[in-house]
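A short write-up of the structure that comes next.
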Amino acid sequence: MKKKVLHIRSSGGLLGAENVILELCKRAAENNYTVVAGAIKNSNDPYPEFLDAAQKLSIDTVVFPCKNQFDIRCAWAIKKYVRRNNIDIIHTHGYKEDYFTFLSRVTIPKIATNHLWKKTDFKDRFYCLLDSFFLKKFDRVVGVSGEIVQELHDKKIPRAMKIANGIDIKKFSLNSQSNSLLREFGIDRPTEIIGMISSITPEKGHEIALRAFAKVVQSHRSAKLLVVGEGNQISKVKGLSKELNIEQHIVFTGKRTDIPELLSIIDIFLLTSFTEGLPMALLEAMAAGKAVVATDVGEIPEVLEDGINGLLIKPGDVRGTENAINRLLSMDVPSRKKLGACAAASVAERFSSESMAKNYFALYDSLLTPERHLA
């Protein structure tokens, strides 16, 4: 009989952690599991977007209402759902999810994936401190990078282990670009398009990207910067584009779900983060065969080999970012495509969703064996 896993995420978006959940959902049956995609309802989101994506995959979904961080009824709802639906394992994907699962006091195995502890302000650092306490009560804690696992060990969290993120390679292997998107954004070829796909939050370094791009367009007047996503820094970033007098060179797309199509029109993928685990957006861009410029933080140096399958830059380095973009823009198209092809090959070899799923389901199996209950 198949075992049942409940994934819990507190998010309305469709970003890295959500895509990990969806990939695990897609590969559950072949690994002899059934899954439920659950969301803790965020008051800022009328309905979690990633649950719509799960339903399109014919995955069962559930929403746990939550008014605030002290709403104990959310924990009760989780416990009731686990009992009524014969859930075998809970798999959480963030500090709020860890907190309410901890409060639920369910006795089944609990797994948490730490996708990245964000520490951009005092509130975030406080939540991370609390989360480190909750995670000590979980059966296993997964970090998506070696750096995250080391931090978990430093926080005295037992049984921390690494499982790298993985993606559906075929999903991003589009052979032709989306001309409808070019028309939507008012972009005419042969414009060179540099793309950023991420939440627009302090740790993503959009200010560095804009300041570097302002220098780039001085020598590449037709270049465009595509900024995909939303976040609490959007007004600041748009204001900076006006201050730098480059707003005519930038397209702010807002939240998008058509990422493979967006990647099809991008020539260069740019990631200027100050901190990362193993960003799904980077893996997706590499799988799409894009030339990549990314900061050497988190697990990124384990994925990108400078000059071989992309270019590495230092976080916060405006001049280095400018030089890397200019280097790629100055390449002939075949050379740039060769760099992208190497990127795609390295992701296909090491970071497939199939490999990630096998590691997670093997972990589930290890927690559900009779030996565990005798320990």
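The values are calculated or read from the model by the stated rules, or taken from the named source; none is laboratory data. Small disclaimer: the values here were computed from a predicted structure and weren't measured. In this analysis, Cβ positions are derived from the backbone assuming ideal geometry, glycine residues included, and neighbour counts consider all displayed protein chains.
Is it fair to say residue 357 is within 30 Å of residue 90 (Cα to Cα) and hydrophobic (A, V, I, L, M, F, W, C)? In short, yes.
Results for (1) of a type outside the set (Val, Ile, Thr); (2) within 28 Å of residue 163 (Cα to Cα); (3) at pLDDT 90 or above, shown as yes or no for each residue.
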position: 293; (1), (2), (3): no, yes, yes
position: 306; (1), (2), (3): yes, yes, yes
position: 321; (1), (2), (3): no, no, yes
position: 325; (1), (2), (3): no, no, yes
position: 340; (1), (2), (3): yes, yes, yes
position: 351; (1), (2), (3): yes, yes, yes
position: 366; (1), (2), (3): yes, yes, yes
position: 371; (1), (2), (3): yes, yes, no
position: 374; (1), (2), (3): yes, yes, no
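Residue pairs whose Cβ atoms lie under 8 Å apart, sitting 6 or more positions apart in sequence or on different chains, and linking a residue in region 276-298 that is assigned to a helix (DSSP H, G or I) to a partner that is of a type in the set (S, T, N, Q), are 280/19; 280/165; 281/198; 283/165; 286/309; 286/346; 287/173. The condition (being touching a Phe, Trp or Tyr at 6+ places or on another chain (Cβ under 8 Å), of a type outside the set (D, E, K, R) and assigned to a helix (DSSP H, G or I)) is satisfied by just one residue among 25, 66, 74: 74.
Can you name the residue in region 156-188 that is in a loop (DSSP other than H, G, I, E, B) and crowded, with 18+ Cβ neighbours inside 10 Å and is also farthest from the chain's Cα centre (by Cα) among such residues?
The extreme case among them is 157.
For region 84-107, residues that are in a helix (DSSP H, G or I), touching a residue at least 12 places away in the same chain (Cβ under 8 Å) and more than 23 Å from the chain's Cα centre (by Cα) total 3. A residue that is in contact (Cβ under 8 Å) with a residue 40 or more places away in the chain, within 24 Å of residue 273 (Cβ to Cβ), hydrophobic (A, V, I, L, M, F, W, C) and not assigned by TED's automatic domain parsing to the domain that holds residue 298 can be found somewhere in region 33-51.
Of all residues in region 77-93, those satisfying the criterion of being crowded, with 21+ Cβ neighbours inside 10 Å and either among the basic types (Lys, Arg) or within 19 Å of residue 124 (Cβ to Cβ) (or both) are 92, 93.
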